[in-house]
Amino acid sequence: MRTPILVLGSLLASVLLFAQDAKPKIGFDEFFNSVSFSSVKLSPDGNSVVFDIEKADWDQQIFRSELWLYRINGSSGSLIQLTQSGHDSGPQWSPDGTWIAFLSERKVAGGKEGDAGDKEKEISQLFLISPNGGEAFAVTSGEEEVHAFAWSPDSKAIYFATRQPWTKDQNDAHKKDWKDVIRFRSDERGDMIFRIGLDDALARHVTLGVKETPEGEKDSGATPGSAVVARTPLRADQIVIARDGSRLAFVSTSVSQRNERIEDYELYVVNLASGAAEASASRLTHNEAEEGHLAWAPDNRHVFFRVELGSAEGKYEDNQPRLYWVDAVSGELQRWFAGYPGEVVSYSPMPDGSVVCACREGTEVQMYSQANPKAALNKRPGWAGHYENPASAVQSARLAFLYSAIERPTEVYIADGPDKLMQARPITSFNKFFTERDLPKAKPYRWTSDDGTPVEGMLMYPPGKYEAKNLPMFVLIHGGPQGADGNIFEADWYQWDRLAATQGWLVFEPNYRGSTGYGDKFALQIVPEIVSKPGRDILTGVDALVKDGIADPNRLAVGGYSYGGYMTNWLITQTTRFKAAVTGAGAVEHIADWGNDDTGFDDVYFLGGHAWEVPDRYRSEAAIYQIDKVRTPTHMVGGADDVRVAVLENYLLDRALHELNIPSELLIFPGEGHGLGKNPWHGKIKVREELKWLTKYGGVGGTN
């Protein structure tokens, strides 16, 4: 039978059309050119948005952080770059909308010529820039970094916090006595909160012009023209000021930034209405919680704060992150969104006194609002996916926020109000190139753990193989343990599931016990079985995927970073089924890990006590005591300056595997802490070598 020419032509046209529409897969190099966002702030009138982006600068070997401004004009707008130094972050609008203040680690001189301090060093200082353009200029100076600031409500002054400055004589005396010796703890000192008038800052800028800060000012300690408002023996980590200017609130942390005591985290209030040159700070909270993300309510009486670790109501326990406010006069505490079963990820007070929350339940982060702490929760209709960092305006109902989903990369969006999320529009397109690629598809997966507990995770499929069966599987374990994988777009050295999927792996991302979004009971069941209980959750998930015919039991691999590294190190002692493992910044024991960790109180909580109180548990929950069971070839990475999970844990694991003749490799990244945030090449090399390891020992994929 002859096929009609017309049909052949139609088939050919369809093939050509498909070829034109087919998208290429994500390339390895371009994957690391993704842009991330931090602060998103709406102008007081709601007509402009300022935000900071971070992207890799491969030539300079740094991550560049820059400010951008979007002006809203009806249904459209204009986007301009405000700063280009590569070191700018944390923008805040002046209440009158005429200035944007921000922090910048631009290089300043570190000492006189010929001194040991004659090297340029990056010290975070406070800068101002007009939203109408022009050059940014420094408001503060000196050798102490500015780590918190806030505008006065009348826009006539800025309050900022630094470590207590030393004069030149004090610095010289210390150097004479101690040379380069570090007096651990003894050299620590608390903070001072200063006020500087905007007119003084502008006059000083006009006088100096583009000249460098005079040498005398560098040596004087405090910023010229600034006045001391308050002192604290601790570190002022964030400052917020009531809208009527009556009070200043700040949250304290450890002066060393080694968070050894939960008591170092408290909320303090300074009375500004008294008119005193320097006021005392009154402690407002007395709890075992890590307060943060402060904001004053429109009533000028309540201070909002979010708790990530610990408990605001009683004895320390790591529930899911919650939102509270506290009465600055009476100290009365109330919890917002108390009826919500999941996590308060981020929030913003609205002009009418309500609060908008980006809240996590399961694999979704959606927007909710609440009129007051006792009112009903109102879920705002929106797209499936992940909302984050809602930002409101004082004089407008508009919202700005970040949004992403599995196949929608993160961008900044604006909506005309919380009830208009479905009509929100993106104002950026920094990650547009991802939409031009054949992205992996993903969906939730649910199973039952060994004790009958329901558990959920995500499955990310190789492009073109959505819902295929008998796939090689890579178990990629999130850190935290707080947090969860879900319907979100991520692309970096930490979350590289899309690269692994593109190279042929089904990526399984389990939300094991300890994860957020599944209720407080689920989050707390990790205690005191810090790795064994979540480990059983993960292994039963692998069993279920094999039983369902989704995962190939002969082609399994595992990996993770931070707490995901803890779990990877533990799992390879519990089973030999994984053909390859890639682990980073994960502990293999808990005594030295606690002693070197910059946040030790949660380690003690997770394990049910100190090592001298429950020594058997420190042993039973440590991979090192079962390391002789390992048969899995293991790739390891760590930051040389990591103090969250000390790099010694990597060396310990490497030494043990070397003794046992298990194929292994260890990469150490110089100058890096826990987050590998110094040099983008380090994260890129990390993932490049991990993919090679999976190819070599897992037998799947190849270099793009």
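Descriptive notes on the structure:
- Theoretical gain in end-to-end length, Trp681 to Lys156 [0.36 nm per residue, Cα-Cα removed]: 184.7 nm
- Gained length - Lys176 relative to Ser130, 0.36 nm times residue gap less alpha-carbon distance: 12.2 nm
- Amide N of segment 444-475 lying under 20 Å from the label point, which is placed 7 angstrom from the Cα of Lys629 along Cα→Cβ: 449-452, 475
- Kirkwood-Stokes translational diffusion coefficient of segment 438-698, alpha-carbon pairs, 4 °C, 1.567 mPa s, µm²/s: 71
- Ranked list, fewest to most other Cβ atoms within 10 Å of each Cβ, for Ile62, Ile406: Ile62, Ile406
- P(r), alpha carbons of segment 559-704 - 10 Å bins starting at zero, rounded %: 12, 42, 33, 11, 1, 0
- Loop-located trypsin sites (Lys or Arg not before Pro) across segment 460-530 with a Cβ neighbour count of 11 or fewer within 10 Å are Lys469, with loop assigned by DSSP.
- Segments 580-587, 503-510, 140-147, 259-266 sorted - mean Cβ within 10 Å per residue, highest first: 580-587, 503-510, 140-147, 259-266
- Cα-based equivalent ellipsoid, segment 289-375: semi-axes from gyration tensor eigenvalues, Å: 19, 17, 10
- Simple spin-label estimate for Thr435 and Ala371 in nanometres, 7 Å along Cα-Cβ: 3.7
- Between Glu613 and Ala592, the contour length at 0.36 nm per residue exceeds the Cα-Cα span by 6.0 nm.
- Nonlocal amide H pairs with Leu82, under 5 Å, H built at 1.01 Å: Leu67, Trp68, Leu69
- Long-range tail of P(r) for segment 241-342 (Cα pairs > 24 Å, %): 23
- For Arg247, the residues whose modelled amide H falls within less than 5 Å of its own, excluding neighbours fewer than 5 places apart on the same chain, are Ala242, Leu272.
- Estimated distance in nm for a label pair at Ser85 and Asn470, the labels positioned 7 Å out from Cα along Cα-to-Cβ: 6.0
- Prolate is the label for the chain, because a/c, from the alpha-carbon gyration tensor with a ≥ b ≥ c as root eigenvalues, is 1.5 or above and a/b exceeds b/c.
Rule-based calculations on the coordinates, nothing more; no lab input. For clarity, every value in this text was computed on a predicted model and none was experimentally measured. Glycine also receives a Cβ, built like all others from the backbone with ideal geometry; neighbour counts cover every protein chain displayed.
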